[in-house]
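Asker: The structure is given below, and queries will be raised subsequently.
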Amino acid sequence: MEQWAGAPVQTKIALAALGVSLAVSVVTDLRSRRVLNAVTYPALLLSTACVLWLGGVALLLECALGALICAGPLGLAMWREWMGAGDVKLMALAGVVATATGGWAMSWTVLVGVAVAGGLQALLWIGAARIRRRPPPRTIPYALAIAAGVTWAFLSGIALF
């Protein structure tokens with residue numbers, strides 16, 4: 001957390017928007033299997049404004065690449081109807097903020113962290129179903145994995161590439 005103490009106010013605002021969005025999305029996804037547009041769109045708008053304020057159009061373009069890195073694979077999964085659109089928008093938000101705070105390479109860390117967290121979550125949910133002698137779940141609320149992977153990426157501060 002010390003690494004963020006001296007960060008510019010725009011960075012802190014974008015991080016707060018991401019954190020609130022992740023927390024609310026985890027709750028709504030666990031309760032109703034939905035990631036709400038009313039959460040992701042304002043956070044994306046606020047984070048984009050912070051990026052423009054922080055680094056102008058050049059940083060915004062770099063953050064667009066980060067959003068594509070994070071949301072692209074989930075967008076393909078959404079196209080195949082394996083993932084919801086809210087999860088894709090939440091990952092795009094994570095990509096924007098990750099890139100603004102740690103460069104586009106940080107978005108790869110977020111993507112890998114979310115993929116690992118999603119795999120672990122799926123194994124745990126399948127294992128829990130077997131223990132309870134129920135069929136494996138058909139859907140898994142992925143906002144939880146997104147929040148876990150993003151949190152790990154930001155707290156570790158590791159840029160994978």
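Asker: Two decimals is fine: what is log10 I(q)/I(0) at q = 0.16, 0.29 Å⁻¹ for segment 35-102, from a Debye sum with one equal scatterer on every Cα and no solvent?
Answerer: Debye output, listed in q order: -0.50, -1.18.
Asker: Charges only on Cβ, +1 for Lys and Arg, -1 for Asp and Glu: so what's the dipole of the chain about the Cα centre, in debye to the nearest 20? It would help to have the intermediate numbers written out before the result.
Answerer: On the way: 11 positive and 5 negative charges, 177 e Å.
Computed charge dipole of the chain: roughly 840 debye.
Asker: Another question, if that's okay. Could you pull out the trypsin sites (Lys or Arg not before Pro) across segment 55-161 that fall in loop regions by DSSP (anything but H, G, I, E, B) with no more than 10 other Cβ atoms inside 10 Å?
Answerer: Details: sites: 80, 89, 130, 132, 133, 138; in loops: 80, 132, 133, 138.
For trypsin sites (Lys or Arg not before Pro) across segment 55-161 that sit outside H, G, I, E and B with at most 10 neighbouring Cβ atoms in 10 Å, the list reads 80, 132, 133, 138.
Asker: Show me the chymotrypsin sites (Phe, Trp or Tyr not before Pro) within segment 20-85 that DSSP assigns to loop and that have at most 13 other Cβ atoms within 10 Å of their Cβ.
Answerer: Values: sites: 53, 79, 82; in loops: 82.
Passing sites in segment 20-85 are 82.
Asker: Turning to a different aspect of this structure: Choose one of 146, 22, 125: the residue whose Cα lies farthest towards the positive end of the charge dipole of segment 2-156 (beta-carbon charges +1 Lys, Arg; -1 Asp, Glu; about the Cα centre).
Answerer: 125
Asker: Still on this structure: Quick one: helix 9-32 against the long Cα principal axis of the chain, what's the angle to the nearest 10°, folded into 0 to 90?
Answerer: The helix 9-32 is inclined about 10 degrees to the chain.
Asker: Find the eigenvalues of the gyration tensor of the Cα atoms of the chain, then list the square roots of 5 times those eigenvalues as equivalent ellipsoid semi-axes, largest first, in whole angstrom. Could the numbers behind the result be given before it?
Answerer: Values: eigenvalues 158, 48, 40 Å².
Taking √(5λ) for each eigenvalue gives 28, 15, 14 Å, largest first.
Asker: With unit charges on the beta carbons (Lys and Arg positive, Asp and Glu negative) and the dipole taken about the Cα centre of the chain, which residue among 110, 32, 7 sits farthest to the positive side?
Answerer: Of the listed residues, the answer is 32.
All of the numbers you see were taken from the coordinates with simple rules; none came from a lab. What you see is a predicted model; the values in this text were computed from it and never measured. Note that each Cβ is placed from the backbone with ideal geometry, even for glycine, and that neighbours are counted across all protein chains shown.
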